[in-house]
Amino acid sequence: MLVALLFLLLLAAPAAAQEGHGGPVRALAIAPNGQYLVSGSLDQTAIVWDLPKGKVRSVRYHGAAVNAVATLTNGAVAVGGADGRIAIWPRDATVPARLLEGHTGPISALATDGARLASAAWDGTARIWEPDGGVRVLEGHAGNVNAVAFVNDIPVTAGADFTVRLWPSGGPSRVIRLPAPQNALAAVGGVLAAGGADGVVRFLTTMGEPVGELAVDTTPLTSLAVSADGSRLCVASIGGVVFVVDATSRRIVTVLHGAEPPVWSVVLNRDGTEVFSAGRALRRWDAQTGRMLSLLGPAPPPQPEATDRGARVFRACAVCHTLATDGGNRAGPTLHGLFGRRIGSVPGYHYSDALEHMNQVWTPETVAKLFEIGPSAFAPGTRMPEQIIADSTDRAALVDFLERSTR
């Protein structure tokens, strides 16, 4: 996953307003003044969207999925990749001004308090990057660290180990144990909001005392966002549920109509009147009515008709892979002719070293194994998003569908 400086660096050239990502959008951040939005995608790029003018520019450094983005001062943006690196791009720069290295797993989240940048990663750590170049490493989570935020100037992390941890300077971490893995964090006033894999938002003081809960969905929550004026909280789930919540009363005020799963990330504009959501496509919504206003970039590819169980399982794969001979490559390579093909061999697709050098062939057995143990265990170092199909019947149905559909 690690590449040398300038390995895949491309010019950050202006792009036409109708252009956009070539794969699912995973990460969003918006400038406090609401003037620009940053999105990151499995297509290995980040896009800076000038919202008032409708202009965009694309930046690319990572030879891996962009999982996290943040807006910094003076129009700069931070872009975190599955290669474990963070690239800092000043306004209109054609090369990153700075690379932040040290993580040994994919970057999962970025946050800033205006001066410091915080990063979380699947190596079990978080880091605080100080303006003077110093780095504070936060260790203690058992497993992936999925989220990071600042609450009352205190760094906070959330992990797959069922904990939220606060990291005051000069002292030990404060550990809050919760009933489910935690995927998202946000500061709502002086209170911490944590979004769990059980579909519940839990509100906590910085001492770990519970002050409320909001049950949103039965599927894992993926993103929490607060408007710059502090009036609204937005909550999203992998199942496609997106709610706008009054930050004071903690009551749902709007449901976005027609958001399709998965929703990976959401942000609100300054006064909480608009929502931007990231998933199969990047969308802009009216937060008052729940109505979609526009797409930023192209429409998402059509979902395959779910005629049977295997087709339904494949829908999660279709955001990255095509089946047809002329479907081409998206964020992932085409699956046409999958079985009997050497792993990592589709012409024109840039694979990770992990897949390119596997010297194995795709068979029904290898595909089933991939989704039984997950891509990171099947091919350590792969850029493929982690996805496990725990139900053996679903795995068998997917393999059967692919055998029928990729010939």
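Some points to look at:
- Calculated log₁₀ intensity ratio I(q)/I(0) where the Debye formula runs over C-alpha points of the stretch 230-342, q = 0.15, 0.19 Å⁻¹: -0.71, -0.96
- Here mean projected area of the Cα convex hull in nm² was calculated from the structure, and among (i) 18.6; (ii) 20.8; (iii) 25.8 it sits at label (i).
- Highest-fluctuation residue, Ser249, Ser39, Ser231 considered, GNM on the chain with Cα pairs under 10 Å: Ser249
- Vicinal HN-Hα couplings computed from phi for the stretch 238-248 (Karplus, 6.51 cos²θ - 1.76 cosθ + 1.60; Hz; Gly/Pro x): 5, x, x, 7, 9, 10, 9, 10, 5, 5, 7
- Taking other C-beta atoms within 10 angstrom as a stand-in for reagent exposure, Thr307, Thr104 fall in the order Thr307, Thr104, fewest first.
- Rounded to the nearest Hz, the phi-derived 3J(HN,Hα) couplings of the stretch 212-226 under the Karplus curve 6.51 cos²θ - 1.76 cosθ + 1.60 (θ = phi - 60°) are x, 9, 9, 7, 9, 7, 9, 9, x, 6, 10, 7, 10, 8, 10, where x marks glycine and proline.
- Whole-Å distance, taken between Cα centres, linking the stretch 18-54 and the stretch 112-131: 21
- ³J(HN,Hα), Karplus 6.51/-1.76/1.60, whole Hz, each residue of the stretch 122-135, x for Gly, Pro: 7, 8, x, 10, 10, 9, 10, 9, 7, x, 7, x, x, 10
- Value of relative contact order over the stretch 309-405, rounded to a whole percent, pairs C-alpha under 8 Å and six or more apart: 28
- Charge dipole magnitude, Cβ of K and R +1, D and E -1 - the stretch 309-405, Cα centre, debye nearest 20: 180
- Length-normalised contact order for the stretch 238-302 - Cα pairs under 8 Å, 6+ apart - percent: 24
Read-outs: derived from the displayed coordinates by stated rules, not from any lab. Since the structure is predicted, the reported quantities are computational estimates derived from the model, not experimental observations. All Cβ positions, glycine included, derive from the backbone under ideal geometry; neighbour counts span all protein chains shown.
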